[in-house]
Structure formats: structure tokens, C-alpha cells
Amino acid sequence: MINKKVDNVTKALEGVKDNMTLMLGGFGLSGIPENAIAQLVKLGVKGVTCISNNAGVDDFGLGLLLKKHQIKKMISSYVGENDEFERQMLSGELEVELIPQGTLAERCRAAQAGFPAIYTPAGYGTEVAEGKETREFDGKMYVLEHAFKADFAFVKAWKGDEAGNLIFKGTARNFNPNMCGAAKITVAEVEELVPVGTLDPNQIHIPGIFVKRIFQGEKYEKRIEQLTVRQRN
Amino acid sequence: MLDKNGIAKRIAKEVQDGYYVNLGIGIPTLVANYVRDDIEVEFQSENGVLGMGPFPFEGEEDADIINAGKQTITTLPGASFFDSATSFAMIRGQHVDLTILGAMEVSEDGDIANWKIPGKMVKGMGGAMDLVASAENIIVAMMHTNKRGESKLLKKCSLPLTGVACVKKIVTNLAVIEVTNRGFKLLERAPGVSVEDIKNATEGTLIIDGDIPEMSI
């Protein structure tokens, strides 16, 4: 067993510097690496580029980094629920690259899987495709999108073991598996870190080879963005 | 004239047995409430779930189980969870049978705009560009006019596009319209709405062939 375990979030984020490109898993506030984000705020790193589907909300998730102006550029697909994000973007304080959600996922996966680029039909004929190479396959037009290049990927899983194997829960899975191994260093935080041999190899979502460091996360808030319930009859 | 639930009810009639369906945020989400219960349909949410069920009972919500609108949901027997790349493989790979989404503008060529108003509002495209670029069967659910009373069915979209020549059908508070290579073809009128009303609310080319029936909901 190659041991990927590090003792705490401080060790897990060793080497993170200003102006780096970071990938962060999560969809909305679901499955975000809460501990890594808190540590990024604490470290006070500046000028970072964040690849993340959303930018959190005003007072949670990546919104915390936005508020402190630590982010130079966001690469996201949807920013609808964050007023501070919209304000910084419209005022020009924040550089933003909005890309289709499936393209975001596939640019991560391409980086993980060793593809320099992929062709996608998404965004053809829109401003997203401006300046990009396009090509026709079987009568349909596609846009060339490049694999991401990132320094760190911060992902969050439900369970993991010391070998770095990961299991996700529900829709908190989202971009997390696609970002594993897609950056130079992948850091996984888990709700429950278990000894090797505990997890069933048949149930592993991400094999440890894609993970460089793993640590036991703490105090998960797991905030719900849109609590929607129905009444019992 | 229909309200938002009326639009959803009418669209629900387009959902057929055995369909995998992706519902966008807003009016499309309401469609799930009106699908006939004697057919088998599975709802896909692009954040990574197939087999979406109703909202949870109070106290049973789970932060790890949400839909693309970030609302807490439940799953039905046979449901599955998956990562974002797999989710968009379902979409781009045309495994999803029907996509229903909202729009700010639709053109008579089937172009759609729904993600940005330059200088004013930027929400982002989310999964909409992947959905419209790939889906064979796209229905737009929207009000016929915007808050200022201006038509949302145009000759050309004025806002940045989400996709080109992709919308096949539009259901609004006033009408059901098919997008053809000659323009917007009026198929049905909403209850109490005249052809004249629809003509006045449509900026793009409106094709009226014979008697236009009132829709049944």
C-alpha cells in the first residue's frame, strides 16, 4: 500500500502559492472541499485562478475567497446565485471565463486521461466558440477545447482510505471524480478516512493512483442552498 | 392564457413512455408534476442523477442529494448517481430523449438565448449549451413576451446565443409553436387566446395554416 494520508489540512495544502491554478470540486455547495477552501482563506494566497462549476454563495464556499479578493480568475459554468461574483465580474475586478458545464467536466477529464484537447458540439455558433478551432465531423460542427492545466485539484469524497481510494455520495460526486489526477497534485478530503482493506474494491469510484494526498476533513457544514420540501399529508 | 403551471401541464403531454427527460430550471421543473402516471419516465438532472423523485418530506432532506437547481430532492427505485463527465456523456451522446428548458429569446431559425444580458446580468450557461447542441428533441417553455411586453419570439435573437438552429417546439402562455424552416408555425392556441393575440405578440414570422385549435390540457 502506498500511503497517501497526511495528518491535517495544513500539510495537505503545502506548496500552494500565489497565482496558481486550482481545481475545486462541487456543484453549488454540494460536495465542495470545505476544509481546503477554509485553508486557502487562512493562507491568504492571492491571484489564483479557480476552475470550479460555481463560485459558492456570498458567505460560503468559494464566495469566501471572492470576498477577500484572492481570486484573479474564475473558470465556471454557472454563477447565478452569487451577488458578489456578479458584481466583481460586471465591474471588471474579476476575470471570468464562462464555459458549458459539460465542457468544464470534459476539460478536467481530458487532463486526467492524457488527452490534450477534445471536440465538443457545445457552444458552436456562440461567443464561447469565438477564436477557437472548429471542425466538421459527419455534417455537424464541433469546437476544439483544450485540457485544463492546473497546479492543485481539491476534491471532497464521502469515504476514503489511506491508499487514496475514494467513494462519493449522492450528487456530491459531481466534478470531484473528474478532477482527480487532472492537476499536478490532487488533494482529497473525506468525511470518513478508513484504514486500507475496509473499503470493498468493487465499490471504489476513484482509485488511489489519481490521488496524491488524502486527509480526514473536519466540521463539515454541508450547507443546503435551496431547501425544498413537501408537506406530509 | 396559461400560467406557468398551465405551460408545464401542456408540455407534460409531450412526454412519452420510456423517455429519459432533462428538465431545466424554472417552468420546466414543474413539468414533472403533470406527467401521466401510467407511463414510465426517468428524469435526469445534469449535476449527476437519473431517476429523480419528488422533493423530500420536511426533515428528510439530504445536502448530498440535490437537483441542478440546487434544490433538495429524493430518488426513485432504480435511480443512479454519476459524475459530471458521465452526465454530459448522456446528454452529448444523445441518450436523453427530451430536453425542456427556459429561454429569454428564440429566433424563427430555432436559435436560443438564455444565459446572458451583456452588461446587466450574467448567470452562465450551466449545462444549457451542451443540452441544446446535442439534443434531438428540445422544447422551450417560456412566456411569450418579456416583462416589458416585448416579444420573445424573434426573427433574430438580440442576446448572446446559447445554441443555433436547435429549438423544435415552443410552449408559451399563449401558444404551442413548431419551429420550421419557414418560421414559427402556430399549432395551438391557449384557452381564451385568439390568433390575433398571438400574431401581435410574435415578432418573428408566424405561419398560420387553416384553423388553429385551442389546446386541451
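The values are calculated or read from the model by the stated rules, or taken from the named source; none is laboratory data. Note that this is a predicted model, so its numbers are computed, not measured. A quick note on method: Cβ atoms are made from the backbone with ideal geometry, for glycine too, and the neighbour counts reach across all protein chains shown. In case anyone asks, the SASA skips ligands and DNA or RNA and just uses the protein heavy atoms, side chains included. Shrake-Rupley method; radii C 1.70, N 1.55, O 1.52, S 1.80 Å.
Please state the relative contact order of region A:126-233 as a whole percent: Cα pairs under 8 Å, 6+ residues apart?
Once divided by the residue count of region A:126-233, the mean separation gives 26 percent.
Would you list B:Glu188, A:Glu93 from the most to the least accessible area, probe 1.4 Å?
Ranking B:Glu188, A:Glu93 by accessible area, largest first, yields A:Glu93, B:Glu188.
Might you report the magnitude of the Cβ-based charge dipole of the protein assembly as shown about its Cα centre, with Lys and Arg at +1 and Asp and Glu at -1, to the nearest 20 debye?
For the protein assembly as shown, the charge dipole is close to 1020 debye.
What Kirkwood radius, in Å to one decimal, follows from the Cα pairs of region A:1-54?
12.3
What is the spread of the Cα atoms of region B:61-217 along each of their three principal axes, largest first, in whole Å?
The Cα atoms of region B:61-217 stretch 49, 39, 29 Å along their principal axes.
Suppose accessible area is computed on protein heavy atoms with a 1.4 Å probe; arrange A:Leu104, A:Leu227 from highest to lowest.
Working: A:Leu104 0, A:Leu227 105 Å².
Reading off the accessible areas and sorting them downward yields A:Leu227, A:Leu104.
When the dipole is taken about the Cα centre of region B:111-217, and only Lys, Arg (+1) and Asp, Glu (-1) are charged at their Cβ, what size is it in debye, to the nearest 20?
For this selection, approximately 540 debye.
Restricting to chain A, what percent of DSSP beta bridges are antiparallel, rounded to 5?
Working: 13 of 42 bridges.
Counting DSSP beta bridges with both partners in chain A, the antiparallel share is about 30 percent.
If you stretched the chain out fully between A:Ile209 and A:Ile2, how much longer would it get, using 0.36 nm times the residue separation minus the C-alpha to C-alpha distance?
So the extension gain works out to 73.6 nm.
Taking R0 as 22 Å, what's the FRET efficiency between A:Asp200 and A:Tyr220 from their Cβ-Cβ distance, rounded to 0.05?
The computed FRET efficiency comes out at 0.40.
What distance in nm lies between label points placed 7 Å from Cα along the C-beta direction at B:Gln94 and B:Asn137?
In this crude label model, B:Gln94 to B:Asn137 measures out at 1.3 nm.
Find which of B:Phe81, B:Gln44, B:Ile27 sits farthest along the positive direction of the dipole of region B:1-118, computed with +1 on the beta-carbon of Lys and Arg, -1 on that of Asp and Glu, about the Cα centre.
B:Ile27
What do you get for chymotrypsin sites (Phe, Trp or Tyr not before Pro) in region A:1-104 restricted to DSSP loop and a cutoff of at most 10 other Cβ within 10 Å of the site's Cβ?
none
Just name one of A:Cys180, A:Gln216, A:Ala55: the one whose Cα is farthest towards the positive end of the charge dipole of chain A (beta-carbon charges, Lys/Arg +1, Asp/Glu -1).
Most positive-ward Cα: A:Gln216.
What distance in nm lies between label points placed 7 Å from Cα along the C-beta direction at B:Lys147 and B:Asn181?
For B:Lys147 paired with B:Asn181, the spin-label model returns 4.0 nm.
Convert 4 °C to kelvin, take the viscosity as 1.567 mPa s, use the Kirkwood radius over C-alpha pairs of the protein assembly as shown as Rh, and evaluate the Stokes-Einstein diffusion coefficient in µm²/s, rounded to a whole number.
Reported coefficient: 57 µm²/s.
Calculate how steeply helix A:101-113 sits against the longest principal axis of the alpha-carbon atoms of chain A, using the helix alpha-carbon long axis, and give the answer as 0 to 90 degrees to the nearest 10.
With rounding to tens, the tilt is 60 degrees.
Just tell me the longest site-free run in chain B, where the sites are trypsin sites (Lys or Arg not before Pro) in a DSSP loop having at most 10 other beta-carbon atoms within 10 Å.
B:1-119
With θ set to phi - 60° and the Karplus curve 6.51 cos²θ - 1.76 cosθ + 1.60, what are the ³J(HN,Hα) couplings of region A:39-45 in order, to the nearest whole Hz, using x for Gly and Pro?
Calculated HN-Hα couplings, in order: 5, 4, 5, 5, 5, x, 4 Hz.
Calculate how many DSSP beta bridges within the protein assembly as shown are antiparallel, expressed in % of all such bridges and rounded to the nearest 5.
Given both bridge residues lie in the protein assembly as shown, the antiparallel proportion sits at roughly 40 percent.
Have a look at B:Thr202, B:Ile217, A:Pro207 and report the one farthest towards the positive end of the charge dipole of the protein assembly as shown, computed about the Cα centre with Cβ charges (Lys/Arg +1, Asp/Glu -1).
My answer, from the dipole projection, is A:Pro207.
Within a Cβ distance under 11 Å of B:Met142, other residues only, what is the Lys/Arg minus Asp/Glu net charge? Present the calculation step by step, with values, prior to reporting the outcome.
On the way: positive: B:Lys4, B:Lys152; negative: B:Glu105.
The answer is +1.
Compute the FRET efficiency between A:Lys184 and A:Phe60 as 1/(1 + (r/R0)^6), taking r as their Cβ-Cβ distance and R0 = 22 Å, and round to the nearest 0.05.
Computed FRET efficiency for A:Lys184 and A:Phe60 comes out at 0.20.
Return the loop-located GluC sites (Glu not before Pro) in region A:101-142 (DSSP other than H, G, I, E, B) with at most 13 other Cβ atoms within 10 Å of their own Cβ; answer none if there are none.
Values: sites: A:Glu106, A:Glu127, A:Glu130, A:Glu133, A:Glu136; in loops: A:Glu130, A:Glu133.
Passing both the DSSP loop test and the Cβ count: A:Glu130, A:Glu133.
Normalising by the residue count of chain B, find the relative contact order in percent from Cα pairs under 8 Å and 6+ residues apart.
Contact order relative to length: 19 percent.
Using only alpha carbon pairs under 8 Å that are at least six residues apart, calculate the relative contact order of chain A and give it in whole percent.
RCO, chain A: 24 percent.
Would you list A:Lys219, A:Lys212 from the most to the least accessible area, probe 1.4 Å?
A:Lys219, A:Lys212
Can you give the net charge of the other residues whose Cβ lies under 11 Å from the Cβ of A:Thr198, counting K and R as +1 and D and E as -1?
Spelling it out: positives minus negatives among the neighbours equals -3.
If you put +1 on each Lys and Arg Cβ and -1 on each Asp and Glu Cβ, how big is the dipole of region A:3-78 around its Cα centre, in Debye rounded to 20?
In debye, rounded to 20, region A:3-78 gives about 240.
Just add up the charged neighbours of B:Asp111: K/R +1, D/E -1, any other residue whose Cβ is under 9 Å from the Cβ of B:Asp111.
Net charge around B:Asp111: -2.
For region B:1-149, state the average projected area of the convex hull of the C-alpha atoms over all orientations, rounded to one decimal in nm².
Quarter of the Cα hull surface area: 10.4 nm².
What FRET efficiency, computed as 1/(1 + (r/R0)^6) with R0 = 45 Å and r the Cβ-Cβ distance, is obtained for A:Arg87 and A:Arg135, rounded to the nearest 0.05?
0.75
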